[in-house]
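S.K.: My questions will all concern the structure given below.
Read the figures in this text as sums done on the coordinates, not as results from a lab. Please read these numbers as outputs of a predicted model, since none were measured by experiment. Counting neighbours? That spans all protein chains shown, and the Cβs are built from the backbone with ideal geometry, glycine included.
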Amino acid sequence: MEKNTILAIVLSTVVLMASFFIQYKFFPPAEVPAEQQTEIAADSSSDAVNAEQTLALEQAADAVFVQEEESSAVEEQTYTIRTNVAEVVFTNRGGDIISYKLLNHKDNGEYLQMADNVTDSKRAFSVALGGAESAVVNEIFNTKVIDDHTIGFYKKLAVKNANGTDGVFTLIKQYTFKDDEYLFKLDVIVDGDESFYGLNFNNNSYTLCTPPQIGPYYDQKGNKYEYRNFFSYSGERKKKQMVTPGKTQNYDKPYTWIGVAGKYFTVLVAPASQNFSQALYSMRYDSKPDYSNAQVYLTRGAISGQKNQDSFYVYLGPRTEKMLKRYNNVDDNAWKVSGLRLNDCMESSGLLGWLEVFLKWIMELLYVVVPNWGVSIILMTILLKVALFPLTKKQSLSSVKMQEIQPRMQALQEKYKNQPEKLNQEMAKLYQETGYNPMTGCLPMLIQFPIIFAMYNLFNNYFEFRGAMFIPGWIPDLSVGDKVLTFGFNIPLLGNELHILPIVYVVSQLIFTKITSATTPQNGANASMKYMMYGMPIFFFFIVYNAPSGLILYWTLSNFLQLFQQMFINRIMKQKKEENASNNKSGSQQKISASKKGVKK
């Protein structure tokens, strides 16, 4: 190679290196703002939750927080994020939620609180290093308000590595909300330096805590129709856990989501990773003596690397099929998540769920015609009674027929008591001769029972009844008992409120029992049943006294309609008996006349 060529290459290399140096020294490229990086990260998780998205968000979150200098946050402060469905208040102590109010739902005139029973040591979405029994991180965190719907908290912490050295890492919590969504996203990030070898406390890294309790507040001893149940879903089926107040219960199986559900509201947490297979259901009395917590502790397995990020989708809102099933299809929610099946936490009639859906559809059609849920209950009850009347009538007439042939049946049973096969043959002949079918009395009940069960579940859990007014001043809310008077003292088993509907219901039940028993032959067995017939409605009165007024309205109206139907059927039965008696009398006279003619001949 010629000297001039070599010289040209050297000079070109020097000039090129000098130009790069000058460009980066004096004209550096514009940096993307941290807020924009976080926004991109939050939106990048719009598809189904998986490991690749988790990694992408971890890298973006590092750019937001790790490069930020830690401020000297020494005082506790609160921050508020408000969407069009929720108002959320945070504290920088632990980066936790201390208030979560639903703006479209109220409790005693105030916005409903979904982070209830919060204390200085019990907050919503606290993080504890280690298992569920570990103390939560109670340090003052640094805060980064990223935008109107996104906020982050971070704090440098130190732990002991397995070799006894100190490992330093940054604990980051980032919350992201969206308008029109009861679902929000929580990212928990562990970012360690070269001294950090991971988190391993007996094979656990950290535990995330749900709110100590969700609203509305209720009296656990007096209100038997409100409750707190624990649910988990494994991707195949849901599991319902009932924990005794004051107790805890472990859960050590993988889950897609886990949470607490009340009658009308729920909190459900869906971790993105598969590293969560331990949980603790807690109903301990550790906040207020008379109000046990209903809280879930989600424990993650050990973290072995220097960096780790976990994402959680958290639902805090109404427990309705319409809102919960939005997260089954990417096109139905702003987060673009799918397949969560949060609606599996709904109470249903099991195998009769399809019937409940059908009855709900009919009632909602009636509500369109008359926009009052109380009137819809009345119309629905009338329609059901009219539709089932032919079966009720057939059942009653069948009972009359059975009463008529009862003496002959007893005679056959006595005659062939030691000959079962012969007894069956003679009973079959008797049924054929009289036209009586034993299944006629059972079939109507077999058809009505599923409807009764489905209606009970529908009226007891239907979310739209909550706050729905029927009659102002008497029944302002179909989801609770009607109230006409409040006493200054408690009545045992009843409370301090006067409810009229349960009294009317029991009276109607006693009248119905009286009328039906009047058509039943009185013998020793029936006389011994009198106590049960009249005692059960009175006993049942104490059970239903605090039941939702929508449910008791259905029961009471159903009783009165059944009463009128029974009176009508009794008239038919009386005519039937008179006809049978007349036919028997004429038949007897014909036999006597025939016998006289025979004697004369």
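S.K.: A 28 angstrom limit on the alpha carbon distance is what I want to check against. Which of 401/422; 394/417; 106/247; 122/160 exceed it? Mind showing how you got there, number by number?
M.R.: Numbers: 401/422 23 Å; 394/417 30 Å; 106/247 30 Å; 122/160 26 Å.
Violating the 28 Å limit, Cα to Cα: 394/417; 106/247.
S.K.: Now for a separate question. Can you tell me the Rg and Dmax of the range 267-348, counting just the alpha carbons, in angstroms?
M.R.: Expressed in Å, the Cα Rg and Dmax of the range 267-348 come to 15.8, 45.
S.K.: Here's something else I'd like to know. Given points 7 Å out from each Cα along the Cα-Cβ axis, report the residue 383 to residue 494 separation in nanometres with one decimal.
M.R.: If labels sit at residue 383 and residue 494, their model points lie 3.6 nm apart.
S.K.: Among 365-371, 467-473, how do they line up from the highest to the lowest mean number of other beta-carbon atoms within 10 Å? Please list the in-between numbers first.
M.R.: Numbers: 365-371: 12.3, 467-473: 14.0.
Highest-to-lowest ranking by the protection proxy: 467-473, 365-371.
S.K.: I've got another one for you. Which of rounded, prolate, oblate describes the range 251-294, given a ≥ b ≥ c as roots of the alpha-carbon gyration tensor eigenvalues and a/c under 1.5 marking rounded, otherwise prolate only if a/b is larger than b/c? Show your work: numbers first, answer last.
M.R.: Working: a/c = 3.31, a/b = 1.75, b/c = 1.90.
Taking the square roots of the gyration eigenvalues as a ≥ b ≥ c, the range 251-294 is oblate.
S.K.: Tell me, in nm to one decimal, what length is gained between residue 486 and residue 77 on full extension, where the rule is 0.36 nm per residue of separation less the Cα-Cα distance? Intermediate results must be reported in sequence, preceding the final value.
M.R.: Numbers: separation 409, 0.36 × 409 = 147.24 nm, distance 4.13 nm.
Here the segment from residue 486 to residue 77 would lengthen by 143.1 nm.
S.K.: Follow-up. Taking the Cα centre of each part, how many Å lie between the range 382-412 and the range 297-333?
M.R.: Comparing the Cα centres of the range 382-412 and the range 297-333, I get a distance of 55 Å.
S.K.: So for each of 246-254, 308-316, 354-362 I average, over its residues, the number of other beta carbons within 10 Å; can you give me the resulting order with the highest mean first? Can you show the working numbers first?
M.R.: Details: 246-254: 12.9, 308-316: 22.8, 354-362: 15.2.
Highest to lowest by the protection proxy: 308-316, 354-362, 246-254.
S.K.: Taking a ≥ b ≥ c as the square roots of the eigenvalues of the Cα gyration tensor of the range 182-334, is the shape rounded (a/c under 1.5), prolate (a/b larger than b/c) or oblate? It would help to have the intermediate numbers written out before the result.
M.R.: On the way: a/c = 2.15, a/b = 1.39, b/c = 1.55.
Since a/c reaches 1.5 but b/c is at least a/b, the shape of the range 182-334 is classed as oblate.
S.K.: For the cross-link pairs 173/239; 173/322; 238/263, which exceed 26 Å when the distance is taken from alpha carbon to alpha carbon?
M.R.: Numbers: 173/239 29 Å; 173/322 30 Å; 238/263 17 Å.
Result: 173/239; 173/322 exceed 26 Å.
S.K.: Within 12 Å, Cβ to Cβ, of residue 320, how many net charges do the neighbouring residues add up to if Lys/Arg are +1 and Asp/Glu are -1? All intermediate terms of the calculation are to be shown ahead of the outcome.
M.R.: Values: positive: 263, 319, 322, 325, 326, 360, 466; negative: 321, 347, 464.
Within the 12 Å Cβ shell, the charges total +4.
S.K.: On to the next question. Only Cα pairs under 8 Å and at least 6 apart count here; give the relative contact order of the range 128-193 as a rounded whole percent.
M.R.: Details: 106 pairs, mean separation 14.8, N = 66.
Here the relative contact order equals 22 percent.
S.K.: Show me 409-416, 80-87 ranked by packing, highest mean number of other Cβ atoms within 10 Å first. Each step should come with its number before you reach the end.
M.R.: On the way: 409-416: 13.4, 80-87: 15.9.
Ranked from most to least packed, the peptides come out as 80-87, 409-416.
S.K.: Suppose every Lys and Arg Cβ carries +1 and every Asp and Glu Cβ carries -1, with no other charges. What dipole size does the range 197-267 come out with about its Cα centre, to the nearest 20 debye? Could you put the intermediate results ahead of the total?
M.R.: On the way: 10 positive and 4 negative charges, 57 e Å.
Rounded to the nearest 20 debye, it is 280 debye.
S.K.: At q = 0.12, 0.20, 0.22, 0.27 Å⁻¹, what base-10 log of I(q)/I(0) does the Debye formula yield for the range 170-222 when every alpha carbon is treated as an equal point scatterer in vacuo?
M.R.: -0.53, -0.93, -1.00, -1.18
S.K.: Convert each backbone phi in the range 309-325 into a coupling constant with the Karplus relation 6.51 cos²θ - 1.76 cosθ + 1.60 (shift: θ = phi - 60°), then list the ³J(HN,Hα) values in order as whole Hz, x for Gly and Pro.
M.R.: Running phi through 6.51 cos²θ - 1.76 cosθ + 1.60 with θ = phi - 60° gives 9, 10, 10, 10, 9, 10, 9, 10, x, x, 8, 10, 4, 4, 7, 6, 6 Hz.
S.K.: Using alpha carbons only, what's the Rg to Rh ratio of the range 98-170 with Rh from Kirkwood?
M.R.: Numbers: Rg = 17.0 Å, Rh = 15.4 Å.
Rounded to two decimals, Rg over Rh is 1.10.
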